[in-house]
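To keep things clear, I will list the structure first and then write my remarks on it.
Quick note: the coordinates plus some simple rules give every number you see, no bench work behind them. Here the structure is a predicted model, which means the values were calculated and not measured. Here the Cβ positions follow ideal geometry from the backbone for every residue, glycine too, while neighbour counts run over all protein chains shown.
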Amino acid sequence: MTASVSNELAKLVTEAREKFDSALTEDELNRVKAGYLGRQGAISALMRRMKELSPEERPAFGQRVNAAKDALEVALDRRREALRRERIQRAIESERMDVTLPARGGERGALHPLRRVEQDLVGIFRRLGYDVAEGPEVELDFHNFSALNFPADHPARDMQDTFHLEGEPDRLLRTHTSSVQIRTLLANQPPVRIVAPGAVYRSDEVDMTHSPCFHQIEGLFVDRGVTMAHLRGTLEAFAAELFGRSVGIRLRPSFFPFVEPGAEVDVGCVFCDGAGCRVCGQTGWIEILGAGMVHPAVFESVGLDPEEWTGFAFGMGIERIAMLRYGVQDIRLFYENDLRFLAPFA
Ligand code: DAH
């Protein structure tokens, strides 16, 4: 009996080793393991046959079974490790990538047309000796209106035009970049020569030419002895640079509270050279900005003596210039992020 049980043990061990080695996956190995080392496995079954042995034979047999179990665990571990390595090796092979392949074509970005126009406008004035100034989009009533000589009941302050901050009567979204004139004059002793580009807000209805947020660029030149001839010469030089050739300009009297005299400035229509066309409404002129001589009340509100200091200011809409330059009919196209519109500017 003893011999037959121990033979069986030896046979089992050899057989288990072979099966471990031929298991092809870790799952399969686990199933094979259960067949030998599990509760219902062959080794346990053999242990249950211990009672067939005489009491003297049992301890030695028990030790042999335990030794066999240990040997099988070792064989199992070895095989498990080999399978794990194979699995990793296969993954490395199959997931191999060629890091030297050129990347799949990313598309190149480009400046938004409004930004491009803004940069061109700023560039022109920089070459004329202007610095760039900035101001916040959330402004104080003082910078946006009061200091610019807007009377308390001016319609621009009306809820219809201005976005006010709830519960903060003195704060608003700036309605124009003219607020930067005040900030600049409060922070700098003249002479000053600045342009200030940026977003402005008005609670307009949206249509082809209006948007509640749009962009302006402001100009301010303050020094002693500045005259309207300087303003005119500056704007002529600007228009020629903008359109790449000498286009006529004309100043029409107009009213803005912070300038006196004030003007609306037209350029000769670049589409028909003044002959009259659809774009200029048959007039031969296109309005592009507002301008004028800095009002004495503005100087007073920033503590400058209007007898000593003189200056001119101007402001224009960046969208308006971009629409003229690129022949865009609908202002909304600038804000929709539609690549069909934007891509040609790239
Ligand atoms: N701030 C004016 C507006 O938004 C534009 C303007 C007109 C600016 C005349 C100026 C100026 O500096 O002199 O309608």
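Treating each Cα of the chain as one equal point scatterer and applying the Debye formula with no solvent, the log10 of I(q)/I(0) at q = 0.07 Å⁻¹ comes out as -0.49.
Extending 7 Å from the Cα toward the beta-carbon at both GLU8 and ASP131 defines two label points whose distance is 10.1 nm. Taking the C-alpha atoms only, the angle from helix 113-127 to the longest principal axis of the chain is near 50 degrees.
Measuring from each cysteine beta-carbon in the chain, the ones with no other cysteine beta-carbon under 4.7 angstrom are CYS213.
Suppose R0 equals 30 Å. What FRET efficiency, 1/(1 + (r/R0)^6) with r the Cβ-Cβ distance, do MET50 and GLU26 give to the nearest 0.05? Intermediate results must be reported in sequence, preceding the final value.
Details: r = 32 Å, r/R0 = 1.08.
So, using R0 = 30 Å, E works out to roughly 0.40.
The label point for ASP158 and the one for ARG80, both projected 7 Å from the Cα toward the Cβ, are 8.4 nm apart. Would you please state the base-10 log of I(q)/I(0) at q = 0.17, 0.19, 0.26 1/Å for segment 3-94, with intensities from the Debye formula using one equal scatterer on every alpha carbon? Cα-only, vacuum Debye calculation for segment 3-94: -0.72, -0.84, -1.30. Projected label points at VAL279 and ARG87, each 7 Å from Cα along the beta carbon direction, are separated by 7.0 nanometres. Taking every DSSP helix (H) stretch of at least 4 residues in the chain, weighting each as -39,500 (n - 2.57) and dividing the sum by the residue count yields a mean residue ellipticity at 222 nm of -13000 deg cm²/dmol.
For the chain, the longest principal axis of the alpha carbon atoms and the long axis of helix 58-94 meet at an angle near 30°.
In what sequence do THR227, THR283 fall when counting other Cβ within 10 Å, fewest first?
The fewest-first ordering by Cβ neighbours comes to THR227, THR283.
Counting every other Cβ atom within 10 Å of each residue's Cβ, SER179, SER246 order from fewest to most as SER246, SER179. If you take the Cα centroid of segment 35-55 and the Cα centroid of segment 206-262, the two points sit 103 Å apart. Setting aside same-chain residues fewer than 8 positions from LYS19, which aspartates and glutamates have a Cα under 19 Å from its Cα? Excluding near neighbours in sequence, the set is GLU8, ASP27, GLU28, ASP70, GLU73, ASP77, GLU81, GLU86. Among THR100, THR14, the ranking by other beta carbons within 10 Å of each residue's beta carbon, starting with the fewest, stands as THR100, THR14. A protection proxy built from the mean count of other Cβ atoms within 10 Å ranks the segments 182-189, 54-61, 287-294, most packed first, as 287-294, 182-189, 54-61. A Förster radius of 35 Å combined with the Cβ-Cβ distance from LYS69 to SER94 puts the calculated FRET efficiency at roughly 0.40.
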